[in-house]
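Undergrad: Shown below is the structure under consideration.
The values are calculated or read from the model by the stated rules, or taken from the named source; none is laboratory data. Source: prediction; values computed, not measured. For neighbour counting, all protein chains shown are included, and Cβ atoms are generated from backbone atoms with ideal geometry for every residue, glycine included. Keep in mind that these areas ignore ligands, DNA and RNA; they rest on the heavy atoms of the full protein, side chains included. Shrake-Rupley method; radii C 1.70, N 1.55, O 1.52, S 1.80 Å.
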Amino acid sequence: MRIEKLDENTKKNLLEDLLKRSPNSYGSYEASVQEILDTVKEKRDAALFEYTEKFDKAVINAQNIQVTEEEIKEAYECVDEELLRIIRRALKNIESYHAKQMQYSWFDSKPDGTILGQKVTALQRVGVYVPGGKAVYPSSVLMNIMPAKVAGVEEIIMVTPPGKDGKVNPTTLVATKEAGATAVYKVGGAQAIAALAYGTESIPKVDKIVGPGNIYVALAKKAVYGHVSIDSIAGPSEILVLADETANPRYVAADLLSQAEHDELASAILVTTSSELAEKVSAETDKFIQELSRGEIIQKSLDNYGHILVADTMEDAIDAANEIASEHLEIMTANPFDVMTKIRNAGAIFIGEYSSEPLGDYFAGPNHILPTNGTAKFFSPLSVDDFLKKSSIISYSRNALSEIHEDIEKFAEAEQLTAHANSIKVRFE
């Protein structure tokens, strides 16, 4: 991995480089995505069938687009019992963590008859996108569905691209059943997002779409926002490790590569105060690449977006981490909890040398659907909050209103909104 001195210039160049990976930088795809969205909106199911055959080489129709109970039963017969046990254990951790995020309605009454409050209501129907085809991501199934279940969403509609045989991977189906989706449809890509956003004969329109996907999925979600809500626009995976001279270089290298193996656009960054650690980590990554099955992808990822930055002080390293605002941030320092208190921007923070990033991907419980491309500065991980909406409650008695009606009337008149003022005034004429 390349080793660079951390200064304002290298930090600026790095940030600019990372932004090139954002879905917002792929404008050349937008016309193609919009054409798919428009076609599905107009032709509905017929467009889904055509695009699925074109892109996924699978023949889908009105009779087989929805996964049946028989297919789910078949899937259970194909999945190893040990893997099923692990899925259930992970699901329990995810449910327990997200249950602590639940919010409830509240009301505050005063002696004068004023009642103010907030009504918390779960969304009625949400759509979950899960990548498919050759890829198998049962962990994404669990992470998307469980917070919606905890929130109390009535209908959870999952879409995922089928294989050429027109079937969904058995492990994905088993995870879907265990997590509690209402229905699963065999469609992926931008066409699946269009179906969820606009509705077709087979797939109902949803209120919100969540879940990561490729560039077409990301741009489609961006385009349909407003017709429906979305969680975020996901970019390529990324990890940043903050480390000092006490860190184990082998652990650091292994964790950096855990994200670099995702794809050639993934980013793996080490920011350290130790030049010696930097050299050792670089050497360890070279060794690992020779051993790992996805070594070629890892090497390209590191060549494109892999960096080792050597900072003068831990304060400088922390400042850089906050500027980069990485999806995953690991802290391997002598006092990791002290460093953690100074982190403002990160999707998920892993503290200590035994808190490896894959813990968050699969098992610990916090959601692994996280803000990317610097959006951790203003976005949070997927949570129960994403599946709740809040309504303000306002109730005044005549006595309570009588004490303030003149103030409201004057306020409205100052804004030249006479009808506003009149709606209060008529109650006291």
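Undergrad: Could you compute how fast region 20-143 diffuses translationally, taking Rh as the Kirkwood radius over C-alpha pairs and applying Stokes-Einstein at 20 °C with viscosity 1.002 mPa s? Give it in µm² per second.
TA: Rounded to a whole number, D works out at 108 µm²/s.
Undergrad: Please name which of 387, 260, 282 has its Cα lying farthest along the dipole of the chain towards the positive end, using unit charges on Cβ (Lys, Arg +1; Asp, Glu -1) and the Cα centre as origin.
TA: Farthest towards the positive pole: 387.
Undergrad: Roughly what % antiparallel, to the nearest 5, for the DSSP beta bridges in the chain?
TA: Around 25 percent of the beta bridges assigned by DSSP in the chain are antiparallel ones.
Undergrad: For region 307-400, treating each Cα as an identical point scatterer without solvent, what Debye log10 I(q)/I(0) comes out at q = 0.15, 0.20, 0.22 1/Å?
TA: -0.66, -1.04, -1.19
Undergrad: Under 16 Å from a point placed 7 Å out from the Cα of residue 101 along the Cα-to-Cβ direction: which residues of region 172-215 have their backbone N that close?
TA: Zone members listed by number: 208-212.
Undergrad: Ordering 43, 164, 208 from largest to smallest accessible area (1.4 angstrom probe), what's the sequence?
TA: From most accessible down to least: 164, 43, 208.
Undergrad: Find how much the distance from residue 419 to residue 46 grows on full extension, using 0.36 nm per residue of separation minus their present alpha carbon separation; answer in nm with one decimal.
TA: The residue 419-residue 46 span can extend by a further 129.3 nm.
Undergrad: How much accessible surface does residue 125 have with a 1.4 Å probe, in Å² rounded to 10?
TA: The accessible area of residue 125 comes to roughly 60 Å².
Undergrad: If you don't mind, another one. If I take every Cα pair under 8 Å that is 6 or more residues apart in region 192-254, average their sequence separation and divide by the length, what percent do I get for the relative contact order?
TA: Reported relative contact order: 26 percent.
Undergrad: Which lysines does residue 377 reach when only Cα atoms under 17 Å apart count, and residues fewer than 8 places away in its own chain are ignored?
TA: Reachable lysines: 11, 12, 342.
Undergrad: Expressed in nm to one decimal, what extension gain is obtained for the pair residue 167 and residue 12 from 0.36 nm per residue of sequence separation less their Cα-Cα distance?
TA: My answer for the length gained is 51.2 nm.
Undergrad: Still on this structure, please answer the following. Students often get this wrong: which residues of region 358-401 have the backbone nitrogen under 17 Å from the point 7 angstrom along Cα-to-C-beta of residue 108?
TA: Residues passing the 17 Å test: 391-397.
Undergrad: I'd like the accessible area for residue 392: 1.4 Å probe, protein heavy atoms, all chains in place, Å² to the nearest 10.
TA: About 100 Å², rounded to the nearest 10.
Undergrad: If you build the convex hull over the alpha carbons only and average its shadow over all orientations, what do you get for region 101-215? Give it in nm² to one decimal.
TA: Computed as one quarter of the Cα hull surface, the answer is 9.1 nm².
Undergrad: How high is the relative contact order of the chain, in percent, with contacts defined as C-alpha pairs under 8 Å that are six or more residues apart?
TA: Value for the chain: 21 percent.
Undergrad: Further question on the same structure: Considering only Cα-Cα distances, which of the following residue pairs are longer than 18 Å: 221/389; 20/280; 54/167; 73/167; 167/208?
TA: 221/389; 20/280; 167/208
Undergrad: Dipole magnitude of the chain about its Cα centre, charges +1 at Lys/Arg Cβ and -1 at Asp/Glu Cβ only, in debye to the nearest 20?
TA: 1260 debye
Undergrad: Still on this structure: Hey, for a label at residue 391 modelled as a point 7 Å past Cα toward Cβ, could you say which residues of region 151-172 have their backbone N under 19 Å away?
TA: 151-155
Undergrad: Contour minus end-to-end for residue 78 and residue 66, with contour as 0.36 nm per residue of separation and end-to-end as the Cα-Cα distance?
TA: Gain on stretching residue 78 to residue 66: 2.4 nm.
Undergrad: Using C-alpha positions alone, give me the convex hull volume of region 1-60 per residue in cubic angstrom.
TA: Considering the Cα atoms of region 1-60, their hull volume per residue is 121 Å³.
Undergrad: Something else: Taking 2.2 N^0.38 Å as the expected size of a compact globular protein, what ratio does the Cα radius of gyration of region 219-363 give against it, to two decimals?
TA: Its radius of gyration relative to the 2.2 N^0.38 Å reference: 1.08.
Undergrad: Testing the spin-label approximation: label points 7 Å from Cα along Cα→Cβ at residue 400 and residue 88. State their distance in nm.
TA: 5.0 nm
Undergrad: Separate question: Any chance you could check the Cα centroid distance between region 70-98 and region 331-374 for me, in angstrom?
TA: 25 Å
Undergrad: Rg(Cα) of region 368-423 divided by 2.2 N^0.38 Å?
TA: Cα-based Rg divided by the globular estimate yields 2.03.
Undergrad: Sticking with this one: How large is Rg over Rh for region 149-297, taking Rg from the Cα atoms and Rh as the Kirkwood inverse mean of 1/r across Cα pairs?
TA: Reported Rg/Rh, Kirkwood definition of Rh: 1.11.
Undergrad: OK, next. Counting only protein chains, not ligands or nucleic acids, how are 171, 182 ordered by accessible area (probe 1.4 Å), most first?
TA: Result of the area sort, largest leading: 182, 171.
Undergrad: Further question on the same structure: Starting from the Kirkwood Rh over alpha-carbon pairs, what translational D in µm² s⁻¹ does the chain have by Stokes-Einstein at 4 °C and 1.567 mPa s?
TA: 54 µm²/s
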